[in-house]
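**Student:** One structure, pasted below without further comment.
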Amino acid sequence: MLNKKSVDDINVKGKKVLVRCDFNVPLQEGKITDENRLVQALPTIQKLIKDGGKVILCSHLGKPKGEPKPELSLAPVAVRLAELLGQEVKFAKDDNVVGENAKAAVAAMKDGEVVLLENTRYRAEETKNGEAFSKELASLADVFVNDAFGTAHRAHCSNVGVTQFVDTAVVGYLMQKEIDFLGNAVNNPKRPFVAILGGSKVSSKISVIENLLDKVDTLIIGGGMAYTFLKAIGKETGKSLLEPDYLDYAKKMLDKAQEKGVKMLIPVDNVVAQEFSNDAPFKTVGQDIEEGYLGLDIGEETCKIYTEAIKDAKTVVWNGPMGVFEMSNFAKGTIAIAKALSEIDATTIIGGGDSAAAVNILGFGDKMSHISTGGGASLEFLEGKELPGVAAANDK
Ligand code: AMP
């Protein structure tokens with residue numbers, strides 16, 4: 001399908017290999033609070049070390065907006081990576097990213113050694129995909145490996161621009177895994193194929209809904225976006241999250257699903273409260289929500305219907321929680337879906353961002369076939385778009 005040359009197709013012995021990773025990890029007072037992205041990057045790095053490459057790692061971290069910000073330095077990542085790899089990771093501290101320090105660190109490398117460059121977004125050109133910085137990055141390396149799925153939907157110097165100035169550009173194992181899972185689900189799913197979409201807004205998932213309606217057997221809607229669909233079929237939604245500009249669109253999608261024979265499910269009952277608060281008294285109502293109340297989770301009956309719809313699926317893609325899962329009183333719908341997915345014999349794919357966080361927090365992470373490391377990137381993939389970061393690392 002999306003056949004890209006990968007690290008398995010190249011010989012890196014004695015070569016300088018620049019690897020774009022996604023080390024955009026959450027930090028609190030210099031401590032990494034979730035190291036999943038580091039762990040997921042290890043297989044590619046270990047392979048390149050084993051094959052005798054000189055492994056030069058780069059990544060962005062947060063949004064330093066084109067200037068050095070010590071609190072967004074990748075230094076803590078170098079320390080933790082060294083522990084995970086069991087070997088030294090030399091941090092090339094350098095406000096210019098590819099300045100004299102970085103060049104000297106790379107020049108001193110022996111085969112199998114690892115150097116980590118400073119946050120690529122210390123340079124303003126990075127997010128503009130500027131030529132000068134792309135060339136500087138490329139000048140460090142003989143080979144480029146893109147393993148940063150989390151930024152694949154952006155065209156930046158360190159994942160796209162750089163590929164124009166190296167002879168060889170391939171993808172790493174993590175990128176390959178993401179492309180394989182998401183690509184197979186979207187283009188060649190085992191059926192029944194069920195997509196579950198939740199989260200706050202219809203507007204952020206319009207293209208996903210449209211694209212998936214052409215592919216899935218069942219489309220399940222939950223979360224804040226469900227209320228725009230309920231309103232569109234004439235229900236009262238109280239003070240629930242609502243996007244009035246998308247009522248026509250929601251109706252059109254429900255009609256389109258019917259035309260296509262896609263089962264599109266919206267909540268039949270809802271957990272509501274008068275305040276957006278875990279301390280607010282709550283109750284379960286049907287599809288109509290009275291004035292003064294807002295829907296914060298799908299109800300028990302809806303959970304049953306959704307669980308039943310998932311039961312025989314062979315491929316499931318899930319993006320967006322079913323309710324305000326961060327508050328325990330409104331997490332039951334999201335838990336029910338996560339549990340249902342953990343119990344079925346199917347390929348289960350969790351889009352990044354909030355759904356990935358929810359599945360992990362709720363303890364179902366290791367029961368899923370794949371949890372994407374890229375929220376925005378996986379959404380754009382599900383929209384059917386070609387991701388610039390993937391396209392650029394093509395067959396060079
Ligand atoms: P998104 O980033 O669009 O996937 O939205 C995720 C957010 O949607 C989470 O922070 C949830 O708390 C929120 N959310 C889910 N259901 C609701 C709801 N019924 N009302 C308001 N926010 C919700």
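**Student:** Name the single residue, out of those in the range 78-96 being of a type outside the set (A, V, I, L, M) and not in a loop (DSSP other than H, G, I, E, B), that is nearest to Glu35 (Cα to Cα).
**Tutor:** Step by step, filter the range 78-96, then rank; the result is Arg80.
**Student:** Okay, next question. Out of everything in the range 288-311 that is among the β-branched types (Val, Ile, Thr) and over 25 Å from the mean Cα position of the chain (by Cα), what residue ends up being nearest to the ligand (Cβ to nearest atom)?
**Tutor:** Going through the qualifying residues, I end up with Ile289.
**Student:** Among (1) among the charged types (D, E, K, R); (2) modelled with pLDDT under 95; (3) on the phi < 0 side of the Ramachandran plot, which single condition is Asp345 missing?
**Tutor:** Only one criterion is unmet by Asp345, namely (2).
**Student:** Go through the range 312-335 residue by residue and tally those that are away from the ligand (no atom under 11 Å from the Cβ) and assigned to a helix (DSSP H, G or I).
**Tutor:** Qualifying residue count, the range 312-335: 4.
**Student:** Moving on to the next point. Is it the case that Gly389 is in a helix (DSSP H, G or I) and modelled with pLDDT of 95 or more?
**Tutor:** No: the conditions fail for Gly389.
**Student:** Quick check on my filter: what residues within the range 200-217 are more than 16 Å from the ligand (Cβ to nearest atom), surrounded by fewer than 20 Cβ atoms within 10 Å (Cβ to Cβ) and either aliphatic (A, V, I, L, M) or at positive phi (or both)?
**Tutor:** Leu213, the sole residue that qualifies.
**Student:** Then there is this: In the range 114-170, which residues are surrounded by fewer than 23 Cβ atoms within 10 Å (Cβ to Cβ), in contact (Cβ under 8 Å) with a residue 60 or more places away in the chain and charged (D, E, K, R)?
**Tutor:** Asp142, Arg154, Asp167
**Student:** For the range 336-355, which residues satisfy the criterion of being surrounded by 24 or more Cβ atoms within 10 Å (Cβ to Cβ), away from the ligand (no atom under 13 Å from the Cβ) and outside any strand (DSSP E or B)?
**Tutor:** Answer for the range 336-355, where residues must be surrounded by 24 or more Cβ atoms within 10 Å (Cβ to Cβ), away from the ligand (no atom under 13 Å from the Cβ) and outside any strand (DSSP E or B): Ala338, Leu341.
**Student:** Can you tell me which residue in the range 33-58 is farthest from the chain's Cα centre (by Cα), limited to those that are buried (at least 18 other Cβ atoms within 10 Å of the Cβ) and either outside the structural domain of His156 (by TED's automatic domain parsing) or β-branched (Val, Ile, Thr) (or both)?
**Tutor:** Filtering first and then ranking leaves Ile49.
**Student:** Okay, next question. Which one of these does Thr163 not meet: (1) part of a loop (DSSP other than H, G, I, E, B); (2) touching a helix residue (DSSP H, G or I) at 6+ places or on another chain (Cβ under 8 Å)?
**Tutor:** (1)
**Student:** A follow-up question, please. If Ile220 satisfies every condition in (1) among the aliphatic types (A, V, I, L, M); (2) in contact with a Phe, Trp or Tyr (Cβ under 9 Å, 6 or more places away or on another chain); (3) surrounded by fewer than 20 Cβ atoms within 10 Å (Cβ to Cβ) but one, which is the exception?
**Tutor:** Just one mismatch for Ile220, condition (3).
**Student:** Inside the range 350-364, can you point out the residues that are under 13 Å from Asp34 (Cα atoms) and in contact with a strand residue (DSSP E or B) (Cβ under 6 Å, 6 or more places away or on another chain)?
**Tutor:** Correct list: Ala356 only.
**Student:** Another one. Within the range 113-134, how many residues are hydrophobic (A, V, I, L, M, F, W, C), outside any helix (DSSP H, G or I) and farther than 20 Å from Val79 by Cβ?
**Tutor:** 1
**Student:** Another question about this same structure. Scan (1) of a type outside the set (D, E, K, R); (2) more than 28 Å from the chain's Cα centre (by Cα); (3) within 13 Å of the ligand (Cβ to nearest atom) for the single condition Gly261 breaks and write down its number.
**Tutor:** Failed condition: (3).
To keep it simple, each residue is scored yes or no on (1) among the charged types (D, E, K, R); (2) in a helix (DSSP H, G or I); (3) within 26 Å of the chain's Cα centre (by Cα).
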{"residue": "Val98", "(1), (2), (3)": "no, no, no"}
{"residue": "Asn101", "(1), (2), (3)": "no, yes, no"}
{"residue": "Ala105", "(1), (2), (3)": "no, yes, no"}
{"residue": "Lys110", "(1), (2), (3)": "yes, no, no"}
{"residue": "Glu136", "(1), (2), (3)": "yes, yes, no"}
{"residue": "Ala141", "(1), (2), (3)": "no, no, no"}
{"residue": "Phe144", "(1), (2), (3)": "no, no, yes"}
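**Student:** If you don't mind, there's one more thing I want to ask. Are any residues in the range 179-213 among the charged types (D, E, K, R) and modelled with pLDDT of 95 or more, and if so, which ones?
**Tutor:** Those that are among the charged types (D, E, K, R) and modelled with pLDDT of 95 or more: Lys190, Arg191.
The values are calculated or read from the model by the stated rules, or taken from the named source; none is laboratory data. Remember, it's a predicted structure, so these values are computed and weren't measured experimentally. All Cβ positions, even for glycine, are placed from backbone atoms using ideal geometry, and neighbour counts span all protein chains on display.
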